[in-house]
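Worksheet: one structure, shown below.
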Amino acid sequence: MPRFGAGEITTGLSLSHKPYMNGVKRCENGAVKNGMPPEEKIQYGGLYKRPFNEAFEETPMIVAVLTYMGYGILTLFGYLRDFLRAWKIEKCHIATERVEQKEFVPLYQDFEDFYTRNLYMRIRDNWNRPVCSVPGERIDILERFTDDYNWTFKFTGRVIKGVINMGSYNYLGFAQSTGSCADASAQALSQYGVGVCSTRQEIGNMDKHEELESLVAKFLGVEAAMTYGMGFATNSMNIPALVGKGCLILSDELNHASLVLGARLSGATIRIFKHNKMQSLEKLLRDAIVQGPQTHRPWKKILILVEGIYSMEGSIVRLPEVIALKKKYKAYLYLDEAHSIGAMGPNGRGVVDYFGLNPRDVDIMMGTFTKSFGSAGGYIGGSKVLIDYLRTHSHSAAYATSMSPPLAQQIISSMKCIMGEDGSSIGRKRIEQLAENTRYFRRRLTEMGFIIYGNSDSPVVPLMLYMPAKIGAFGREMLKRNIGVVVVGFPATPIIESRARFCVSAAHTRDMLDMALREISEVGDLLQLKYSRHHFVPLLDRPFDETTYEETED
């Protein structure tokens, strides 16, 4: 059996990081300017081949104050209700611990238990709504009600038909039960069945898996790729195979939970840089190389973890700058394209395609098939050396059951459609339609006066709600108007940044978007959500020409 420990030289990521003079290189005339002579400067603005419009509007002061007050009042009433329960005055005792569990050690921490009982339960009806149709541009939802303060739900027997789905990650509209992709998956189901019942290393390596991996590598423009049955595990189980003790991980503060878990499981030292702030990342890189791990030896590896599209912020990674820094400081780059693959770039090949960069400048390319491809699972793409190593040392490859063949066929069919290998232009038209729908939807919401976060080209569109009472109210009011949305609050977001998150799809028609926008505007007026004063705070707080990058010599 292979040893599933921290990555050593055999990972194909074997470069050590030796300190050099204070992290800078001297010019021939003795002057030092950000590590390069003046004539070798590459200006920051020159790294981008297209406009990069990303800004976040400040939270109005009065809104921030009222939001804190709202949480404070909810907390006070929560403690009051707990006190009344203890004295058996409060009639609702469902929130209390069951008699059979009185002698058990508490499963949750005190505050988590308190938050669940007194805050989350007030708006729990906004989540886990049972969908009983294909999760496409419109969905059917089973109607339900509660008679015990959202602790349990009962079905009315009625189905809410034709709800416009503004919450699913169905970016290219491949979540379908009819069409060429569905037909191919049905044929694969007939030929292979549903489950594989084995791991890839044993007897679960199917010809569909080999075909899929070859196609993914071709699609990404890399030497090789490996696929996995679960997107979350693609991150959490592969990062520990690449880095370990004596390595350094530099992680964006808003990275997904799967990246955070993988980093923690690896045993590597973790340092966090501010979201999309290149000054913060460069400072950590410089300090890491100059100081080392305080063992008088250099770091074995430095790995930068970033996402293509950040799923709560709607922001896009500043990839040209990250690559420039990675080359300058000889670090490695792990790019999670879960939301961006298929949804970004003129060819649907993610943020690398969006910025017109060379995919081989990204050491580890990760993505999922659960969004743009309408299937399940994830992939890792990179050099053949890297993929061969992961085939042996990845926990997901060694212990997890192989991907279901019908799911693999769905990915193959949708990916060929995106690439145009099915002989049609459907894929390209969907990519163009998604980009058009995204810009239209974002522009209209901004014009209405809502505060919208993220990049102008991101199909993830957060609309800021702020106050805790408005989280539940917005979700309920939108469902009354046949619009399905996702609402998010603390602790998934900062306490004053509760939001509704819309996901735009190529399957949305202009009429659907207009209908959704009308209802959003009406609910926005009803709940007084149009906070915008158009005072934007740029993601970067410095001029474009203040930072320079270069690739140093060994």
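A few remarks follow.
- Dipole moment magnitude, nearest 20 debye, segment 259-415 about Cα centre, only Lys, Arg, Asp, Glu C-beta charged: 620
- Percent of alpha-carbon pairs separated by more than 17 Å within segment 403-451: 54
- Nearest-ten-degree value, helix 61-86 long axis tilted from longest Cα axis of the chain: 60
- Residue 303 long-range amide H proximity, modeled H, under 5 Å: 248, 249, 250, 332
- Among beta bridges that DSSP assigns inside the chain, antiparallel share in %, nearest 5: 65
- Here segment 420-537 is treated with +1 on each Lys and Arg Cβ and -1 on each Asp and Glu Cβ, and its dipole about the Cα centre works out to around 240 debye.
- The chain: radius of gyration and largest Cα-Cα distance (Dmax), Å: 25.0, 82
- Remark: the residue 447-residue 48 segment gains 140.9 nm on full extension, using 0.36 nm per residue and subtracting the alpha carbon distance.
- With semi-axes defined as the square roots of five times the eigenvalues of the C-alpha gyration tensor, the equivalent ellipsoid of segment 249-349 measures 25, 15, 11 Å, largest first.
- Dipole magnitude for the chain: computed about the Cα centre from +1 point charges on Lys and Arg Cβ and -1 point charges on Asp and Glu Cβ, it is near 560 debye.
- Contour minus Cα-Cα distance for residue 79 and residue 66 (0.36 nm per residue): 2.7 nm
- Pairs from the table (245/277; 245/301; 218/429; 371/480; 154/470; 283/327) lying more than 18 angstrom apart at Cα are 245/277; 218/429; 371/480; 154/470.
- Mean residue ellipticity (222 nm) of the chain, computed from DSSP H runs ≥ 4 via -39,500 (n - 2.57), nearest 500: -11000 deg cm²/dmol
- Extension gain, residue 257 to residue 287, is 8.2 nm, computed as 0.36 nm per intervening residue step minus the present C-alpha separation.
- Of the three principal axes defined by the Cα atoms of segment 258-308, the extents in descending order read 34, 27, 12 Å.
- Applying 1/(1 + (r/R0)^6) with R0 = 41 Å to the Cβ-Cβ distance of residue 211 and residue 159 gives a FRET efficiency near 0.60.
- Sorted from greatest to least, the principal axis extents spanned by the alpha carbons of segment 149-212 come out as 49, 31, 22 Å.
- Under Karplus coefficients 6.51, -1.76 and 1.60, residue-wise ³J(HN,Hα) of segment 161-175 in Hz, glycine/proline x: 8, x, 6, 5, 8, 10, x, 7, 8, 7, 4, 9, x, 8, 7
- Charge dipole of segment 195-302 about the Cα centre (unit charges at C-beta), most positive-ward option of 269, 224, 204: 269
- Relative pair counts by distance (%), Cα atoms of segment 184-240, 10 Å bins: 19, 46, 32, 3
- Once the C-beta distance of residue 89 and residue 481 is scaled by a Förster radius of 35 Å, the resulting FRET efficiency is 0.35 to the nearest 0.05.
- Pairwise Cα inverse-distance average, inverted: Kirkwood Rh of segment 374-458 (Å): 16.5
Read the figures in this text as sums done on the coordinates, not as results from a lab. Keep in mind that this is a model prediction, so the values were computed, not measured. Cβ coordinates were reconstructed from backbone atoms using ideal geometry, including for glycine residues, and neighbour counts include every protein chain displayed.
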